[in-house]
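Okay, so here's the structure we're looking at.
The values are calculated or read from the model by the stated rules, or taken from the named source; none is laboratory data. Please read these numbers as outputs of a predicted model, since none were measured by experiment. Note that each Cβ is placed from the backbone with ideal geometry, even for glycine, and that neighbours are counted across all protein chains shown.
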Amino acid sequence: MSGKKSNIRMIQKIIDRTPTWLFLIVAMLVMVFCTLMTMSEMGWLPFDMPNWSDLLNMSDSSAPYEPAVQLSGEQTACVHFIDVGQGDSILIQTREQAVLIDAGERDQGPAVCDYLKAAGVQKLDLVIATHPHSDHIGGLADVLAQFSAEEILMPALPDDMVPTTSVFLRLLDAVETQNIPVTAAKPGLSYDLGSGVVLTVLAPVQDYKDLNNYSVVCRLDSGETSFLFTGDAEKAAEADLIAAGGDLRADVLKAGHHGSSTSSSDAFLNAVSPKIVAISCGQNNDYGHPHKEVLASLSQRGIAVYRTDLQGAVTLTTDGTDITVQTGKEAAQ
């Protein structure tokens, strides 16, 4: 005990002899470093910094993880809405192929990698970067560093809208380093995922002034069941999809823009007529997503709503006729 008291007294003497100005400088440097780390993760810096997971050694690939839902019996496709907080990440699996749509913010990259391993993914046949906002593409570079990808699909942007954020440049560097073929998303582009499952690109349809509306929108069909993935597409893009005259009806809709009232217009919900809506958003997020107007509209239509902020990962499996839903945890009451 006396030894501990001696150590404490020694530490106290060191503190007493340390000038106040030195404490202030150290505190200021820590604040600057933390601010730069946060700005880097948000993609607001022209240069790259290590993320918090790297510093805290949370990205250890040997870390244990729980097995994810996998295909069984007569099931033909499995769609995972991965919980990445305030962002999007969706894994589509058939018995033959695996497709990843987005990977959340940069600090979510290791979590997405762990989830892919838990789902038994060894390689990705297609990666879709819906649009270059950090909450959708931030974690993709980490994913591409661990999983080979046959192709990456992205929206073609006008030169004056191509971002110069560190997050976007980091993704481009990963794509170039691994020599992954890049395909520009165009309506009508179709991918045969095996087991009779087809993924079809529906948008972007027009040119826009907002990156959200450039989101790659795609439809998954498996037998009599269908899923519609909308990225952050807002009401202008939804209206263009309706005007394009394609079949938008789907059993499952991924709510646009994390359930924001900027999306999910009445006309669009009527055109899609979903039975299930999945909303990917973070707990107590700063944007108030999902907005109460959207939730009210879904409730009025009797649509079942599943949310990653309340239920964790949401997994839907289909045999081409029926859809089964499983969640990572029970919804908060």
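Can you list residue pairs whose Cβ atoms sit under 8 Å apart, with the first residue in region 155-180 being over 19 Å from ILE101 (Cα atoms) and the second being of a type in the set (Asp, Glu) and surrounded by 14 or more Cβ atoms within 10 Å (Cβ to Cβ)? Count only pairs 6 or more apart in sequence or on different chains.
Going by the 8 Å Cβ cut-off, the qualifying pairs are SER166/ASP48.
Restricting to region 183-220, name every residue that is in contact with a His (Cβ under 8 Å, 6 or more places away or on another chain) and among the hydrophobic types (A, V, I, L, M, F, W, C). Steps first, please.
Step one: of region 183-220, the residues in contact with a His (Cβ under 8 Å, 6 or more places away or on another chain) are 211-212, 214-216.
Scanning region 183-220 gives LEU211, VAL216.
Is it the case that some residue within region 76-93 is touching a Pro at 6+ places or on another chain (Cβ under 8 Å) and at negative phi? Spell out how you get there, then give the answer.
Taking region 76-93 and keeping what is touching a Pro at 6+ places or on another chain (Cβ under 8 Å), we get none.
No - not one qualifying residue is present in region 76-93.
Residue check: is VAL217 closer than 20 Å to LEU153 by Cα and within 19 Å of the chain's Cα centre (by Cα)? Explain how you work it out, then say what you get.
Working: closer than 20 Å to LEU153 by Cα: yes; within 19 Å of the chain's Cα centre (by Cα): yes.
When the stated conditions are applied, VAL217 passes them.
When you go through THR324, THR315 one by one, which is the residue that is farther than 18 Å from SER89 by Cα, in a strand (DSSP E or B) and at pLDDT 95 or above?
On the way: THR315 fails: farther than 18 Å from SER89 by Cα.
Of THR324, THR315, the one residue that is farther than 18 Å from SER89 by Cα, in a strand (DSSP E or B) and at pLDDT 95 or above is THR324.
Could you grab me the full set of residues in region 295-324 that are in contact (Cβ under 8 Å) with a residue 24 or more places away in the chain and within 23 Å of ASN270 (Cβ to Cβ)?
Listed by number, the residues that qualify are LEU295, SER297, LEU298, ARG301, ILE303, ALA304, VAL305, TYR306, ARG307, LEU316, ILE323.
Pick out, from region 43-102, the strands (runs of 3 or more DSSP E) lying fully within it that include 3 or more residues that are modelled with pLDDT of 90 or more and out of contact with any Asp or Glu (no Cβ under 8 Å at 6 or more places or on another chain).
Values: elements: 77-81, 90-93, 98-101.
Filter on region 43-102 gives 77-81, 90-93.
Check whether at least one residue in region 90-101 is touching a residue at least 40 places away in the same chain (Cβ under 8 Å), in contact with a helix residue (DSSP H, G or I) (Cβ under 9 Å, 6 or more places away or on another chain) and closer than 20 Å to THR308 by Cβ, and report yes or no. Before the answer, list the steps.
Taking region 90-101 first, the residues touching a residue at least 40 places away in the same chain (Cβ under 8 Å) are 90, 92, 94-97, 99-101.
If we keep only those that are in contact with a helix residue (DSSP H, G or I) (Cβ under 9 Å, 6 or more places away or on another chain) as well, we get 100-101.
From what is left, the residues that are closer than 20 Å to THR308 by Cβ are 100-101.
Yes: one or more hits.
Output the qualifying pairs, or none if there are none: Cβ atoms under 8 angstrom, residues six or more apart or on different chains, first residue in region 192-205 and in contact (Cβ under 8 Å) with a residue 40 or more places away in the chain, second residue buried (at least 23 other Cβ atoms within 10 Å of the Cβ) and among the aromatic types (Phe, Trp, Tyr).
As it stands, the answer is PRO204/TYR214, since those pairs meet every condition given.
Out of all the residues in region 250-267, is one or more free of Cβ contacts under 8 Å to residues at least 24 places away in the same chain and either of a type in the set (S, T, N, Q) or surrounded by fewer than 18 Cβ atoms within 10 Å (Cβ to Cβ) (or both)? Quick ask: steps written out before the conclusion?
Here is the first cut: in region 250-267, the residues free of Cβ contacts under 8 Å to residues at least 24 places away in the same chain are none.
Scanning region 250-267, I find no residue that is free of Cβ contacts under 8 Å to residues at least 24 places away in the same chain and either of a type in the set (S, T, N, Q) or surrounded by fewer than 18 Cβ atoms within 10 Å (Cβ to Cβ) (or both), so the answer is no.
Hey, among LYS292, LYS275, which residue is of a type in the set (Lys, Arg) and in contact (Cβ under 8 Å) with a residue 12 or more places away in the chain? Give the derivation first.
Numbers: LYS292 fails: in contact (Cβ under 8 Å) with a residue 12 or more places away in the chain.
From the options LYS292, LYS275, the qualifying one is LYS275.
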